[in-house]
Amino acid sequence: MSKADPTAGVSETKPPLDSRIGRDDPFTFGQRYLNNEEDVFKHNAWDHVEWGDEQVMEAQEKIKKQYEAPVREFDKNLYNSQPAKYWDIFYRNNKENFFKDRKWLQIEFPSLYEATKEDYGPVKIVELGCGAGNTLFPILTQNKNKDLSIVGADYSKNAIKLVKENEDFDPQYASACVWDLSNPDLELPEGVEPHSVDIIIMVFVFSALSPDQWDSAVKNLEKMLKPGGHILFRDYGRYDLAQVRFKKNRLLDDNFYVRGDGTRVYFFTEEELREIFGKVFKEKEIGTDRRLLVNRKKQLKMYRIWLQAVFESA
Ligand SMILES: C[S@@+](CC[C@H](N)C(=O)[O-])C[C@H]1O[C@@H](n2cnc3c(N)ncnc32)[C@H](O)[C@@H]1O
């Protein structure tokens with residue numbers, strides 16, 4: 001499937017919602033607008049779709065049903081007490097197909113690509129929750145800046161193994177380590193000194209934390225970032241298809257779920273991001289991307305919602 005195709009990663013008949021692979025659809029705004037509702041089934045996808053009360057109520061109705069059968073208390077403890085284990089299993093089972101062409105990175109986070117230019121000068125980038133390196137490698141392979149250093153950190157040792165074993169892993173510019181973003185002892189990833197980082201990237205990682213871990217995570221970010229350093233954030237938005245699709249025995253807490261593979265996921269609103277990060281960092285931008293995917297055969301409408309933000313350290 002072409003990476004320029006806005007339905008990339010979401011098949012016509014069944015979106016692969018139980019896997020992270022292939023779900024990182026391009027994030028380019030403004031490709032196709034739905035001006036006339038009657039045209040909705042003429043294309044597979046529409047960008048920047050407005051939501052009215054009707055869509056919100058429909059989503060809330062589905063979420064209300066999830067409360068009838070939440071995750072049992074015993075299982076909750078299981079998933080919340082050892083999240084790294086489930087990510088490890090995930091990376092053990094999914095060793096391939098991670099590397100998509102993340103063109104949206106360049107479009108949405110231009111500062112990242114500025115940093116890879118030959119004459120940019122010294123820059124330290126850290127990707128937290130780097131997984132198999134879907135963001136780290138596109139940066140590394142196009143880097144022309146000999147003063148760039150990039151650290152990938154992830155809670156899963158199998159993910160870090162995949163990063164280190166990748167043929168594009170270049171120890172001259174990159175390092176990778178196992179590290180817990182939510183660790184309350186404010187231990188930083190190996191090779192990261194306090195207040196030394198220019199750019200932190202967090203792509204679909206904050207959602208893997210439970211709300212009671214957000215504060216420690218923010219403290220870790222604060223400790224790492226240089227004054228004037230930036231956090232580049234992208235994650236799931238409230239009422240995304242992946243949230244409303246959850247059925248029985250998946251709800252851990254409000255807007256927080258466990259997937260079939262044991263990994264956890266939270267769905268944020270813009271206001272929540274303001275609350276979580278705004279206490280400590282300056283908000284440079286927060287935006288919501290709403291994309292409507294259409295299954296023309298089944299005449300189904302599916303809404304994807306992602307949040308993107310940039311914060312700056314004081
Ligand atoms: C949905 S995946 C996203 C991976 C990668 N950022 C990407 O965009 O492809 C979430 C990642 O966060 C990692 N993760 C979950 N909890 C974490 C934590 N507390 N500290 C560091 N990484 C964590 C998982 O191991 C997993 O690799």
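Key figures
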quantity	calculated
Any hit, region 69-79, residues being of a type in the set (S, T, N, Q), within 16 Å of the ligand (Cβ to nearest atom) and farther than 29 Å from Tyr303 by Cβ	no
So Asn158, is it within 11 Å of the ligand (Cβ to nearest atom), touching a Ser or Thr at 6+ places or on another chain (Cβ under 7 Å) and either within 24 Å of Asn80 (Cα to Cα) or at pLDDT 95 or above (or both)	no
Failed condition for Asn145, given (1) within 11 Å of the ligand (Cβ to nearest atom); (2) more than 19 Å from Glu108 (Cα to Cα)	(1)
Sole residue being part of a loop (DSSP other than H, G, I, E, B), crowded, with 17+ Cβ neighbours inside 10 Å and modelled with pLDDT of 70 or more, chosen from Val49, Val10	Val49
All positions within region 256-291 that are away from the ligand (no atom under 16 Å from the Cβ) and either closer than 20 Å to Glu68 by Cβ or among the hydroxyl-bearing types (Ser, Thr, Tyr) (or both)	Thr269, Thr288
Helices (runs of 4 or more DSSP H) wholly inside region 198-306 that include at least 1 residues being of a type in the set (D, E, K, R) and in contact (Cβ under 8 Å) with a residue 24 or more places away in the chain	214-224, 270-278
Output for region 215-244, where each listed residue is more than 16 Å from the ligand (Cβ to nearest atom) and either touching a helix residue (DSSP H, G or I) at 6+ places or on another chain (Cβ under 9 Å) or among the basic types (Lys, Arg) (or both)	Lys226, His230, Arg238, Tyr239, Val244
Test: residue in region 77-100 that is modelled with pLDDT under 95, exposed (fewer than 11 other Cβ atoms within 10 Å of the Cβ) and farther than 19 Å from Asp261 by Cβ	no
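The values are calculated or read from the model by the stated rules, or taken from the named source; none is laboratory data. What you see is a predicted model; the values in this text were computed from it and never measured. No Cβ is skipped: glycine too gets one built from the backbone with ideal geometry, and neighbour counts run over all protein chains shown.
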